[in-house]
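See below for the structure under consideration.
The values are calculated or read from the model by the stated rules, or taken from the named source; none is laboratory data. Note that the coordinates shown come from a computational prediction; the quantities given were computed from them, not determined experimentally. We place every Cβ from the backbone using ideal geometry, glycine too, and count neighbours over all the protein chains shown. Just the protein is used for accessible areas: all its heavy atoms, side chains included, with ligands, DNA and RNA removed. Shrake-Rupley method; radii C 1.70, N 1.55, O 1.52, S 1.80 Å.
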Amino acid sequence: MSKMIIEGGRSLNGEVSVHGSKNAVLPILAATVLNGSRNIIHNCPRIKDVFSSIEILKGLGCGIVWEGNTLTVDSASISTQFIPETLMREMRSSIIFLGAMIARHRKVTISMPGGCELGPRPIDLHLKAFRQLGITVEESHGYINCEVGDICGDDIHLDFPSVGATENIMLVAALAKGVTTITNAAKEPEIADLQSYLNKMGARISGAGTAAITIEGVPALGEVEHTVIPDRIVAATYLCATAIAGGKVSVTNVVPTHIQSIISALKDCGCRIRQDGANTLTVEALGRPLPIDYIRTLPYPGFPTDAQSPVMSVLSIADGTSIVTENMFENRFKHVTELNRMGADIVVDGRIAVVKGVKRLSGAKTTATDLRGAAALIIAGLSADGITEVDGLCHLDRGYEGFDTGLKSLGAEIKRVD
Ligand code: EPZ
């Protein structure tokens, strides 16, 4: 099993660039099913979740060409409406293919997506919305069978601003008859990027980034070329890495407005963060981080759940106590036991973690069990005394391209052993 080996104690200095957004490109890859044509996607990260999505697209009969970080998908010759269980289980977010597949084929069978390390990942909001649009949805023997004649636009209110449900409704309604509205929609930047992609195909969608989205169905969609937005969580992770290790780092290819909540939190920790030009943030960590009284994860633009574990690594060496509440997922504190193995003093009670900062972590052998937890343990190792090992890198590889290379370019003593 691959592992990362980090020798702590080195500060980070220099410049690092952020790759394209995993959570933007995954729904965009599902959208390529819609146009039966060519899709040129620039700034596509070479990460495991993208490779898994490509396997699904290939299995459907799509043509795939990689050139650097440009991916071309040709969905003209899709020959099946079935996604096998193995591929569906490999990546929980593959449920995002369902909406696009229904819109294209009107009859689709896919395996129920598995849960994941964050806990059960229900899809009730997705299926409720599909039924409201006139789609027959039957769940049996672990499979979801969907069938529809005409998809009829309707007004959909989401009980919770689910990112995936919002995206699936946009995808299925793009080719519907009539107008679909979504209220209480998720407002994440990745939703706006999906709207931009679909509109370049010829869709008529507005309101993404707000709680009210309108999709006016069109009869067909055409070729598209698009550049994926930067990954705001990877950007946040590099900022946290600097906050914990010390030093001065310029993070380029970021959209500062996408990570205001992280910038605010790290300023509360005593970091100096300034914007240098449109797409660069420079962070300077001048000493031991300060604690943050209270962090609670919320839907965007609130503090993102995906940045909870990297920020917790920073708080684990803060000069005081911080309280972190994880409101989005029921099992997203698994990195805590591993941080405590490194000498952190964190107590978890349900959805609340009390983080008593310690002066310094100590290097240890640790195991990652989820994507963002893996990144959190690696950056914790940057400041720990001695050697830290992080295995379970299959989780990290789902969403970080070249994370060790990036940290090494900033002066970290880190190497990957496969
Ligand atoms: C997206 O997951 C992201 N994944 C997650 O990022 C992110 O943590 C999450 O949004 C929240 O921001 C992708 O975009 C691929 P949700 P998603 O539907 O769409 C409940 C990462 O690390 N819910 O907004 O699955 C659900 O259980 C990953 O990059 C229902 O109850 O998130 C959860 O508690 C992890 N019923 C909450 O809503 C539903 O039908 C948020 O889920 C759907 C969701």
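Here are the numbers for the structure shown:
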quantity: Test for Glu389: is it in a strand (DSSP E or B) and open to solvent by 10 Å² or more (accessible area, probe 1.4 Å); calculated: yes
quantity: Leu198 being more than 18 Å from the chain's Cα centre (by Cα) and in contact (Cβ under 8 Å) with a residue 60 or more places away in the chain; calculated: yes
quantity: Members of segment 366-386 that are surrounded by fewer than 18 Cβ atoms within 10 Å (Cβ to Cβ), in contact with a Ser or Thr (Cβ under 8 Å, 6 or more places away or on another chain) and over 24 Å from Lys248 (Cβ atoms); calculated: Gly386
quantity: Breaking point among (1) more than 25 Å from Ala368 (Cβ to Cβ); (2) within 12 Å of the ligand (Cβ to nearest atom); (3) of a type outside the set (D, E, K, R), for Ser94; calculated: (1)
quantity: Scan of segment 25-68 for residues that are assigned to a helix (DSSP H, G or I), open to solvent by less than 20 Å² (accessible area, probe 1.4 Å), farther than 17 Å from Leu221 by Cβ and within 13 Å of the ligand (Cβ to nearest atom), ordered by number; calculated: Val25, Leu26, Asp49, Val50, Ser52, Ser53
quantity: Selection count where residues are under 18 Å from Cys44 (Cα atoms) and part of a loop (DSSP other than H, G, I, E, B), scope segment 397-414; calculated: 6
quantity: Pair list, Cβ under 8 Å, 6 or more apart: segment 391-418 residue closer than 16 Å to Ser17 by Cα, other residue part of a loop (DSSP other than H, G, I, E, B) and of a type in the set (D, E, K, R); calculated: Gly399/Asp231; Glu401/Arg46; Gly411/Arg10; Ala412/Arg10
quantity: Arg372 part of a loop (DSSP other than H, G, I, E, B) and either in contact (Cβ under 8 Å) with a residue 12 or more places away in the chain or under 30 Å from Ser53 (Cα atoms) (or both); calculated: no
quantity: Count of segment 183-233 residues which are of a type in the set (Gly, Ala, Ser) and open to solvent by 30 Å² or more (accessible area, probe 1.4 Å); calculated: 8
quantity: Counted residues, segment 324-364 - those being at pLDDT below 95 and surrounded by fewer than 16 Cβ atoms within 10 Å (Cβ to Cβ); calculated: 2
quantity: Residue check for Ser79: open to solvent by 10 Å² or more (accessible area, probe 1.4 Å), part of a loop (DSSP other than H, G, I, E, B) and of a type in the set (S, T, N, Q); calculated: yes
quantity: Failed condition for Ala129, given (1) farther than 25 Å from His157 by Cβ; (2) in contact (Cβ under 8 Å) with a residue 40 or more places away in the chain; calculated: (1)
quantity: Looking only at segment 153-172, and only at residues there that are surrounded by 24 or more Cβ atoms within 10 Å (Cβ to Cβ) and touching a residue at least 60 places away in the same chain (Cβ under 8 Å), the one that is nearest to Ile135 (Cα to Cα); calculated: Val172
